[in-house]
1. State yes or no: is ARG278 open to solvent by 60 Å² or more (accessible area, probe 1.4 Å) and at pLDDT 95 or above?
2. Can you tell me which residue in segment 216-245 is least open to solvent (accessible area, probe 1.4 Å), limited to those that are in contact with an Asp or Glu (Cβ under 8 Å, 6 or more places away or on another chain) and in contact (Cβ under 8 Å) with a residue 60 or more places away in the chain?
3. Looking at this structure, is VAL270 open to solvent by 10 Å² or more (accessible area, probe 1.4 Å), farther than 22 Å from VAL336 by Cα and touching a Ser or Thr at 6+ places or on another chain (Cβ under 9 Å)?
4. How many residues, within segment 339-382, are touching a strand residue (DSSP E or B) at 6+ places or on another chain (Cβ under 6 Å), open to solvent by 20 Å² or more (accessible area, probe 1.4 Å) and under 18 Å from THR291 (Cα atoms)?
5. Report the residue count in segment 180-207 for those that are loosely packed, with under 15 Cβ neighbours inside 10 Å and under 21 Å from ALA262 (Cβ atoms).
6. For a quick check of your reading of the model, give me the residue pairs whose first member lies in segment 329-354 and is closer than 19 Å to ASP391 by Cβ, whose second is part of a loop (DSSP other than H, G, I, E, B) and aromatic (Phe, Trp, Tyr), with beta-carbon atoms closer than 8 Å and at least 6 apart or on different chains.
7. Just checking: which of the strands (runs of 3 or more DSSP E) contained wholly in segment 389-495 hold 3 or more residues that are open to solvent by 20 Å² or more (accessible area, probe 1.4 Å)?
8. If you go through segment 135-160 one residue at a time, how many are modelled with pLDDT of 95 or more, out of contact with any Leu (no Cβ under 9 Å at 6 or more places or on another chain), of a type outside the set (A, V, I, L, M) and open to solvent by 10 Å² or more (accessible area, probe 1.4 Å)?
Amino acid sequence: MPLSPPTGGRLAALAFSFALALGAGGLTAGPAAASAAASVPVSASASAYGPQAPQNPFTAANGAATMHGDSASSGTTAYPGPATSGISYSRTALASACPTVVVGGDGYVIALCTTIFGRTPTVHLLDPATGADLASLALPKGSLFGGVYAYLDNADRLVVVDGSNNLVRVGHHRTGSGWELRIDQSTPLGGAVPAGDNIVGLTPDWDGRVWFATSGGVIGTVDTGTGTVRSISTGEGVQNSISTVPGRTAVATDHALYLLSAAPDGTPVVDWRAPYDRGPARKPGQLSWGTGTTPSFFGPEHGTEYVTIVDNADPHGNLLVYRAAGGPDPICRIPVLTQYARSGTEDAVIASGRSVFVTNTYGYPYPALPEGAPASQPSSANFDGGLSRIDVNAEGTGCSVVWNSTVKSAALPRLSLADGKIYTVSVTGPTGSAGLNTFAQYHHAVIEPATGTQLTSSFLGIGLVYNPLQMRGTAAPDGTLYQGTETGVVRISRR
């Protein structure tokens, strides 16, 4: 089949261009055989990390409101993860790739997926007790569908842009015959998004405006009460989500990091622009030429003091940390993942307290590339995996590498501030472009953030059914982890 990705949202665009598809619906389940590493250190207390990012008053609870947990894109959760041993899992087969899985205040799970056949963006409501698909709603598809970086608002409605260029809020409602998903609100964006462009990221600010960024570099705000849209153009491409904390919005283009605020009428204002090293070309294992990271806010006092990305320098990307209230000069620029000859990342980092955790995706064999992606240099490479932890010093004047790990993460990891552990899906076995889809073995992995040691590895399954495609799992308040895959959602819980 031709590898023409669906429009909008590059991670979603990749998950629908493979030849093998499973039947829609249904659950498969089984126990995971857990094997614990011998003689591992005692976990650092959860208080070693954090504070949690400020709770955005216009999103669902932090940790489960966005793909990256919160509007700060910290990659953390206030909820514990599954146990380090004795887990069980079930799989909801949706014949769809599901990059965004969020959990509402009522405990119900909402997944934004795109079908393998037809490439139709579809919202699913999942039963928190079993993972069963309770209701679904197909959205219009088109060149303006922003299909990855949706968020859950403070009324547990999924906020997303549909293919008709409308900002919609999808609510779930119990009826006499069961559950129903429907559009509760729709705000047309009009001409704010140029023809042929598409919205990549969405996030609300503390005044209730919805910020957006397009792949063509338009940054704007929407007042859904009045329908007013205000925007500016950077002239640079945007391929990642965007992040907000009180009074500040961060957008990373393929050339620079932007820190913005809003004028009284809502028009975006550039507070500072920080160019970064975008490297000589796109690296294998990355989807665009430039940073692969969504900006993340973090800090030891309020969770907002710093903002960080990883650049695309050759041979190793650099972690760049800036003072959010400062200017375009980073407080540190440090090479990461240097345990390998070359490295790079397509993943947003985990950022909490003074610590940043970076995942290596160099050589990761995505099944397809976004339309128009330039050739990588080199054309391919082995996928080594690996993670690094970098800490900002107590004075806020520099950074240092704390540890390097060889864990081969196939998902974006998440740090639990409740139990002080990192959760991800690791991969073993063949990880070439064909092997990752059909023969690779996937494991629920728990990592000690103090040392990088893998505490446990619990086998989940083989092949694309369990391939998380560098998407991030979301923890529910009861410790259940929901991981989107190429073909549905895996529910990992304590026995």
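1. no
2. Across segment 216-245, the extreme among qualifying residues is THR244.
3. Yes.
4. Summing the residues that are touching a strand residue (DSSP E or B) at 6+ places or on another chain (Cβ under 6 Å), open to solvent by 20 Å² or more (accessible area, probe 1.4 Å) and under 18 Å from THR291 (Cα atoms) in segment 339-382 gives 1.
5. The total comes to 4.
6. Sorted first by the residue in segment 329-354, then by its partner, the pairs are LEU337/TYR362; SER343/TYR362; THR345/TYR362; SER352/TYR49; GLY353/TYR49.
7. Fully inside segment 389-495 and qualifying: 399-405, 454-462.
8. Residues meeting the conditions: 3.
The values are calculated or read from the model by the stated rules, or taken from the named source; none is laboratory data. Source: prediction; values computed, not measured. Every residue, glycine as well, gets a Cβ built from its backbone with ideal geometry; the counts of neighbours run over all protein chains shown. Heavy atoms of the whole protein, side chains included, go into the accessibility calculation; ligands, DNA and RNA do not. Shrake-Rupley method; radii C 1.70, N 1.55, O 1.52, S 1.80 Å.
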